[in-house]
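Heads up: the structure comes next, in structure tokens.
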Amino acid sequence: MRRRAVGWAAGVAAAALVAAGAVTYAVADSGSGKAAPSTPSADSADAGFARDMAVHHQQAVEMSYIVRDRTRNEDVRRLAYDIAQTQANQRGMLLGWLDLWALPKVSADPPMTWMGMGGMVTAKDGSLMPGMATDTQMKKLGTLNGKQAEIFYLQLMTDHHKGGIHMAEGCVAKCTVGVEKRLAQGMVDAQQSELQVMAGMLKERGSEPLS
């Protein structure tokens, strides 16, 4: 039963990747169209989301590869692999758009300024945005094995997804590039389905989310 659930989540993630591939092509091709959209500015929600989500995704990829080396449980390893592949590909797209728009990949503004939260987000111990794990938590994950590693990974990734969904919903509301808004909505849909899968995995292990 759990394997089918993980497989279903992987299917959602795969569908998101296919859609995202079409998104990348559409953005790259938009310059040759008769009604090409204007390029977003460096302080736009489109650019801010691309920069911040690229950073957010990178940590998810790192966490997922850490846990794959710390457990032999096939369901957790499969979920971690799916998350790593999906978010690594999406990260490449986000950074590619910034290149396409000739915009910087870093900003002097605090994270999530594009959401109107620049002064509200306090980075601590490497956690730059909501949902991100701290450096201490990342180091701890790398010391655990088996069931303990599985539980801690699922807890950290649950928080990570919640923060990512919040950011993606911000792009859906504020971004102006249609294909980017659609990719953000795909992130929301896929990560919500993975949250359900991870909640079930934690329950099976007699545990629950951190928050």
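Positive-end ranking of His166, Gln191, Gly146 along the dipole of region 70-203, with charges on Cβ about the Cα centre, is headed by Gly146. Normalising the Debye intensity of region 106-200 to I(0), with uniform scatterers on Cα atoms only, and taking log10 at q = 0.12, 0.23 Å⁻¹ returns -0.46, -1.18. Using a probe of 1.4 Å on the protein chains alone, the accessible area found for Asp52 is around 20 Å².
At 1.4 Å probe size, with the rest of the protein present, what percent of the exposed accessible area of region 103-206 is carbon and sulfur atoms? Intermediate values should be presented prior to the final figure.
Details: 2630 of 4750 Å².
It is 55 percent, rounded to a whole number.
Only protein heavy atoms count here; on that basis, with a 1.4 Å probe, Ser41 has an accessible area of about 60 Å².
Restricting region 82-154 to trypsin sites (Lys or Arg not before Pro) that sit in a DSSP loop and have at most 14 other Cβ atoms within 10 Å of their own Cβ leaves Lys105. For region 133-211, the solvent-accessible area works out to 43 Å² per residue, with a probe of 1.4 Å and every protein chain left in place.
The values are calculated or read from the model by the stated rules, or taken from the named source; none is laboratory data. Just so we're clear, the structure is a prediction, and the values are computed from it rather than from any experiment. We place every Cβ from the backbone using ideal geometry, glycine too, and count neighbours over all the protein chains shown. The protein model used for the area step is the full one, side chains on, heavy atoms only, and it has no ligands, DNA or RNA in it. Shrake-Rupley method; radii C 1.70, N 1.55, O 1.52, S 1.80 Å.
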